[in-house]
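See structure below.
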Amino acid sequence: MPDFSDILRGLSPEQEAVCKALENVLLTACPGSGKTRTLTRCLAYQAAQEPVSKKWNIALTFTNRAAEEITSRLDDMGIDLSNIWAGTIHQFCMQFIIRPYAMYSGRLCEGYSIIDEYTQGEYGKSIAKDLGIKLGIFDDPFQTPAVVTAYETLLAANKEIDFEMILRFSEELSTRCPFVCANIASVISSILIDEFQDTNELQYSILANIFKANKSIKLMFAGDVNQAIYGSLGGVAKCKAELDTLYETTFKELRLTGCYRSTQRVVNLYKNFEVSQTGVCSVADIKDATGTINYCRSVSKENLTAEIAAIICSELVSGTKAEEICVLAPQWQILFSLSRNLRSKLPDVLFDAPDISPIKYDPLNPLFLLARLLFMPSGENVSIRKRIATEFMSIVRDGLKIMLPDKIQNFDILSAVNHCRTLDADGIVCLKAVIERVFALLRIDINKGKALPSLTERFFEKIDSRVKQYSLSTDYDSISRYFRDKQGVVISTIHGVKGEEYTTVIAVGLLNGYLPNWDFIMKPEKKPLRKTETLKLLYVLCSRAKKNLYLFSETGRETNKGTDYTPTDELSLIAHNLSLSGQLNLKT
Amino acid sequence: MYLKYIQIINFKNLKSARFEFAKGANTIIGENDSGKSNALTAMRILLDDSYYYNTKRLKETDFSYTLGDWKGHWIIISAFFDEISDEDKNNEFCVELTPDEENASFLRSYIRCADKGYGTVTLFIRPCNSKRLELAEASHSCRFETIRAQIKLSDYEFFYTSRSQADFTDEAVYKSIVGDIAAGEYANPENDSSSVLGTKIDIISVRQHISTVFIDALRDVENELRKPKNPIRQIIDTIEGEIAVTDIDDIKSKINALNLKIASIPQITDIGNQVNRKLLEMIGTVYSPDIKLESRMKENFAVLARYLTVTTSDQNDIELLGLGHLNILYIALKLVEFEANRNRELLNIMIIEEPEAHIHTHIQKTLFDNLQVAHTYTQVVMSTHSTHISEVADIEKVNIMKKVNEQLSFVMKPTNGLDQFGAGILKHKGMAFTQILSRYLDAKRSVLLFSKGVILVEGDGEEILIPALVKNVLGVSLDEMGIGLINVGSVAFENVACIFDATRLQRRCAIITDLDAIVAGATKGSQEAMNFGAARKERLTTLFGANHYVEAFYAPHTLEVDFANIAQNREFIYAVIKHAYTQKATKDKLIAAIKSGTEAERYDAVLTIARNIQKGWYATLLASEIRANAVIPAYILDAIAFAAKDVVSPKLLWKMAKYSFGANNDLGNDYDYMKKKFDEAATPEQRTALISDFCREFPKDLFSAFIAKVVD
């Protein structure tokens, strides 16, 4: 177990101060300022304060991936993970509130299962249909209050809850039963909230209830107001004063301003998009490098692929690794055709594209876990595979409440899965065989009862629907591609690369209507947010780049009404100013 | 924090039992086979991590014998812990983190179910989900019994939860979660409500924070002390880390020296040399290794601890100690082990099975007294059938088991709701009624707690005379019947009688008291006593009229008078008078008054005698004169019959019948046939029939009267 000096080794004074702060902290972390690194060390430092204590040090992240990143970094440092817990707020609520205290909620005490967004969407559509509400393809059925009411009733009847309800019921339990918070709070030593700018009100409130039950818990909210791009999902970046009031304590404001990622030139560019001034400044090894910053408004939609292909080729030739290049767009729709075209244009280049896997990531679904075991490479990562198999068994036992034979171990599950690997060229056939074989091994009749048959039916229904909708191949090899580590040039939306960094970032579709989305231009309630929303997206986009940045507001894209899309206003404004100072190469 | 309740449902002979415990030392009292061990076992199944019990160990006989067919039924064991919370400490801004407090926090977070600070842990041994679903789907159909018959023990699962607050001893609650099996109805597992069953937990996490130690009824201590897992070794394992390094080093160096010394003994070195010589001869210098003999006594302390044993300071072999001392020694070792292993300040439960086994009675008392002062974080639960232990046990910390039959026992708590009764009904002020009673009962407690039926009397006269009457007239003693007679020494019967109640001790309690009515024309009676008598009757009727377990029986006048009013009894009184008085004139006068005086004269004469020689002494003299032909006054016979209602067995009745028949010496030849029958009757049926014949033939015999009252 490393000691304090090991834990703090190599941190900048700014970063070390964050770890050592005794107060509750509100941390503003600029892009590339080593936030994840600092948070990881903070957790380790916190856990090392009381080495024999079993109390939890908790890290709440925005994505599963971020949590996995933190855990694996701690693991690499040789930190004992037994009193550290990292996961999303939803996972936190499930583990610490819903599972142990569902008995105190009338709605949950008779059991519950969690439905994913797909099922939620399907319910919405079918309810709207039943109610005779006509919807366009892009209309959200949940905009209609009658649909929401019927949906809530349906879920209650099915004993189901959706993701949002996990937070809602947690908040309700934590407010109504003070002893629940007292119980939880008494076994927590610290809570660290990453990307707090994307935290929603329910999450703030749940954490406040817990904190107020034991104010010796050390809190840290870390994030960057400038990167708050999840406002549409309810994310609210609270300021110090608001946090002080809600948590009835005093937060100390700290900053990480040194950017280890980008050249000063890139930093200077994205500083233009700050909605809140941070004082960010490059401290990277490459801070004085010039790199390429290029804004192009003249390329047509048709020539875009060729233009980007040329940039990628020249970057690869100059020695940039494929993984260090990223192609971004504000929306998926633009990316689907672009990625198809790039692949045919550059058949020798690998792309890590926004492929839609026939099987959606869903770690709470036991069948997904079996699929993951089937399609991920066997023989490697045996410890992860065993963990997945164990997780599978515990969901079946605790979630589905099916008694498992004592003698079956995780490796029995693995060998059953491996047995089916080469049964058929079609992955779905293999998967069905795996499910059958594993449940036979566990002596479970898959057609018995209610929960398991409906789970299976829905699981394959969903796969089927995705395969049809996106014309996906289901052969074993293509499916297993999705379960491998990704390689090649990254193609993603702006939201999808939050927290990532690339030597070269190529962004397309920087047009009013895409960035910002039409909603912010047309909808009265969102109109006032247009400017900040645009700035934040541009900020996130530009701050991904270490050195090279190619921005495109391509021509030739037409709205439904047939008018041309225009370049994003805020970018035009900046582009003009910057081109005069010579920092941005305008290509006419 | 302490264990307050244990609920046990459907386990062995405990169909539905709830034990209540207090802090400190608690006892479970009961006759043999009443289920004391079963109760302790159930506690261990739930809380003791060294007691292995799982699906594989589950037996059909673990299910309540009264269920008939166990299939589909659940066994439920639930523990309720009180005072688990100390909010104040928890809310302090900078709470000092100690491992103990942290343990408390974790345990609380697992089991606490309310702000008030109590928590529960429950084990459900029930059929697995799929079987329950099959049964539920077959409810009310002809397939129900078919499916139920297919259930195997291996279909059962162990389901542990926390925070359940349900009262599983309530039949309605049981039916709501399990179903009404007798009615062919099974609850659907899909509708399981965690608000009743609680939250699923990993029981290991709870057991990590509560330590449970079990000391079993000892049968062979000597053997036990030689086993590898004996308490000494266990203690050494625990404390090894605390032994000073210098001591260990010292031992190590001494052992090394010893090893060297052994190796250097010439005869031993010589063996090495001899081996070397042989090797040389066999394989030559090139290949032969150089051999020497070494002593390798281990310097490892754990290995050395194997040689530790208990001995007496005067070097006597332990085998010479008496069994009793060995047992005490064993318990002492267990207590030291308990102290050494105890690492949880939160709660340590020590379960002791029958500590009295082989232990001398006076040591039992001392042992118990000393266990009582065990530290606040230690709770002791012991089972006993020793009256000595129960005598020292606090009545509030006693659970009594009542055996209904071989298949079923239940638990009674003598003080259940007693404080409320004392304050509300008896209008006691000040100290809690239970406490007062506890002190009051000090001496009589074991009679009260161990008797199957109780008779309360107001004075020495009754205490002495009634047992003599019963023994001489009915042919069995009150002890044999299991009836305890308690002299309350006053007329405050309600203070004791209130323990007998449907919610407390479900045993019969007969009160025998005098109405003290004065016979018209008599001069020795007291008007005041008569008034009190009437008031007393009214009060007892008000208090216990609705209580089926308590009934009062009134002597119209007083015991002495009502005894003398029966003509057949007078000869015994004459005998007493002849012994007690010296002057012939007085003797004659008194005898004459009793023999041929008016009722008022007899009344005055009896009271005069009783006063002259003191009631107690008079009763003693009378008791020694009484023969089988004495007549028990009706109200006393009624009282005995009432107290004996639940205790009379065919065996007892047979003994009484034989005695009564034999006591009738003047029957003549008419009853020879019956005498023959009495000699020959061997089967229970024959005996029962004969008892009926006897009652028909001699309806006026007291035994006949008694049996009529008992059976009615």
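The values are calculated or read from the model by the stated rules, or taken from the named source; none is laboratory data. What you are looking at is a predicted structure, and each value in this text was computed from that prediction instead of being measured. No Cβ is skipped: glycine too gets one built from the backbone with ideal geometry, and neighbour counts run over all protein chains shown.
Of all residues in the range A:396-415, those satisfying the criterion of being within 14 Å of another protein chain (Cβ to nearest Cβ) and either at pLDDT below 85 or surrounded by fewer than 15 Cβ atoms within 10 Å (Cβ to Cβ) (or both) are A:397, A:398, A:399, A:400, A:401, A:402, A:403, A:404, A:405, A:406, A:407. Those strands (runs of 3 or more DSSP E) of the range B:441-530 in which 1 or more residues are closer than 21 Å to residue B:546 by Cα and modelled with pLDDT of 90 or more occupy B:453-457, B:508-514.
Working only within the range A:100-141, note down all residues that are hydrophobic (A, V, I, L, M, F, W, C) and farther than 30 Å from residue B:203 by Cα. Once the filter is applied, which keeps residues that are hydrophobic (A, V, I, L, M, F, W, C) and farther than 30 Å from residue B:203 by Cα, the range A:100-141 yields A:127, A:128, A:131, A:133, A:135, A:137, A:138. Regarding the range B:281-289, can at least one residue be identified that is touching a residue at least 12 places away in the same chain (Cβ under 8 Å), of a type in the set (Ser, Thr, Tyr) and surrounded by 14 or more Cβ atoms within 10 Å (Cβ to Cβ)? The answer is yes, given that some residue of the range B:281-289 is touching a residue at least 12 places away in the same chain (Cβ under 8 Å), of a type in the set (Ser, Thr, Tyr) and surrounded by 14 or more Cβ atoms within 10 Å (Cβ to Cβ). Residue count for the range A:186-203 under the criterion of being within 11 Å of chain B (Cβ to nearest Cβ) and either buried (at least 24 other Cβ atoms within 10 Å of the Cβ) or within 18 Å of the chain's Cα centre (by Cα) (or both): the result is 1.
In the set B:612, B:629, only one residue is surrounded by fewer than 22 Cβ atoms within 10 Å (Cβ to Cβ) and closer than 21 Å to residue B:517 by Cα; that residue is B:612. For residue B:574, the requirement of being surrounded by fewer than 16 Cβ atoms within 10 Å (Cβ to Cβ), of a type in the set (Phe, Trp, Tyr) and at pLDDT below 95 is met. When A:517, A:512 are checked against the criterion of being modelled with pLDDT under 90 and buried (at least 19 other Cβ atoms within 10 Å of the Cβ), A:517 stands alone in meeting it.
The set of residues from the range A:358-385 being surrounded by fewer than 16 Cβ atoms within 10 Å (Cβ to Cβ) and either touching an Asp or Glu at 6+ places or on another chain (Cβ under 6 Å) or in a helix (DSSP H, G or I) (or both) comprises A:382, A:383, A:384. Here A:170, A:190 are screened, and the one residue that is closer than 28 Å to residue B:112 by Cβ, out of contact with any strand residue (DSSP E or B) (no Cβ under 9 Å at 6 or more places or on another chain) and touching a residue at least 60 places away in the same chain (Cβ under 8 Å) is A:170.
Evaluated against (1) within 38 Å of the chain's Cα centre (by Cα); (2) free of Cβ contacts under 8 Å to residues at least 60 places away in the same chain, residue B:551 falls short on exactly one condition, (2).
Considering only residues that are surrounded by fewer than 18 Cβ atoms within 10 Å (Cβ to Cβ) and either at pLDDT below 90 or in contact with a His (Cβ under 9 Å, 6 or more places away or on another chain) (or both), look in the range B:180-191 and name the one that is farthest from the other protein chains (Cβ to nearest Cβ). Among residues in the range B:180-191 that are surrounded by fewer than 18 Cβ atoms within 10 Å (Cβ to Cβ) and either at pLDDT below 90 or in contact with a His (Cβ under 9 Å, 6 or more places away or on another chain) (or both), the one farthest from the other protein chains (Cβ to nearest Cβ) is B:183. Residues being of a type in the set (Gly, Ala, Ser), touching an Asp or Glu at 6+ places or on another chain (Cβ under 9 Å) and in the same structural domain as residue B:17 (by TED's automatic domain parsing) are represented in the range B:147-163 by at least one member.
Taking the range A:300-313 as the range and being crowded, with 16+ Cβ neighbours inside 10 Å, in contact with a strand residue (DSSP E or B) (Cβ under 6 Å, 6 or more places away or on another chain) and closer than 16 Å to residue A:567 by Cβ as the test, no residue passes.
From A:511, A:442, grab the single residue that is of a type outside the set (Phe, Trp, Tyr) and either within 26 Å of residue A:413 (Cβ to Cβ) or touching a helix residue (DSSP H, G or I) at 6+ places or on another chain (Cβ under 6 Å) (or both). Going through A:511, A:442 in turn, the sole match is A:442. For the range B:135-147, check the following and say yes or no: at least one residue is within 12 Å of another protein chain (Cβ to nearest Cβ) and either acidic (Asp, Glu) or outside any helix (DSSP H, G or I) (or both). Scanning the range B:135-147, I find at least one residue that is within 12 Å of another protein chain (Cβ to nearest Cβ) and either acidic (Asp, Glu) or outside any helix (DSSP H, G or I) (or both), so the answer is yes.
Taking the range A:210-234 as the range and being within 14 Å of chain B (Cβ to nearest Cβ) and either among the aromatic types (Phe, Trp, Tyr) or under 17 Å from residue A:179 (Cβ atoms) (or both) as the test, the residues that pass are A:210, A:211, A:212, A:213, A:214, A:215, A:217.
For (1) modelled with pLDDT of 90 or more; (2) in contact with a Cys (Cβ under 9 Å, 6 or more places away or on another chain); (3) more than 14 Å from chain B (Cβ to nearest Cβ), each residue gets a yes or a no:
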position: A:422; (1), (2), (3): no, yes, yes
position: A:425; (1), (2), (3): no, no, yes
position: A:452; (1), (2), (3): no, no, no
position: A:463; (1), (2), (3): yes, no, yes
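Looking at this structure, is residue B:519 among the β-branched types (Val, Ile, Thr), touching a residue at least 12 places away in the same chain (Cβ under 8 Å) and farther than 30 Å from residue B:653 by Cα? Yes, satisfied. Criterion applied to A:431, A:452 was being closer than 26 Å to residue B:156 by Cα and either in contact (Cβ under 8 Å) with a residue 24 or more places away in the chain or part of a helix (DSSP H, G or I) (or both), and the one residue passing it is A:452.
Taking the range A:293-312 as the range and being polar (S, T, N, Q) and either under 28 Å from the mean Cα position of the chain (by Cα) or at pLDDT 90 or above (or both) as the test, the residues that pass are A:300, A:303, A:305. Only one of the listed residues (B:177, B:151) is in a loop (DSSP other than H, G, I, E, B) and either crowded, with 18+ Cβ neighbours inside 10 Å or at the interface with chain A (Cβ under 9 Å from one of its Cβ atoms) (or both). That residue is B:151.
Looking across the range B:10-20, the residues that are out of contact with any Leu (no Cβ under 6 Å at 6 or more places or on another chain), more than 25 Å from residue B:107 (Cα to Cα) and assigned to a strand (DSSP E or B) come down to B:10, B:11, B:14, B:16, B:17.
So that you can scan it fast, the table gives a plain yes or no per residue for (1) in contact with a Gly (Cβ under 7 Å, 6 or more places away or on another chain); (2) among the charged types (D, E, K, R); (3) closer than 30 Å to residue A:217 by Cα; (4) not assigned by the TED database to the domain that holds residue A:174:
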position	(1), (2), (3), (4)
A:65	no, yes, yes, no
A:71	no, no, yes, no
A:74	no, no, yes, no
A:89	no, no, yes, no
A:93	no, no, yes, no
A:105	no, no, yes, yes
A:109	no, no, yes, yes
A:140	no, yes, no, yes
A:146	no, no, no, yes
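Per the listing A:150, A:146, the residue uniquely surrounded by fewer than 20 Cβ atoms within 10 Å (Cβ to Cβ), farther than 27 Å from residue A:362 by Cα and away from every other protein chain (no Cβ under 14 Å) is A:146.
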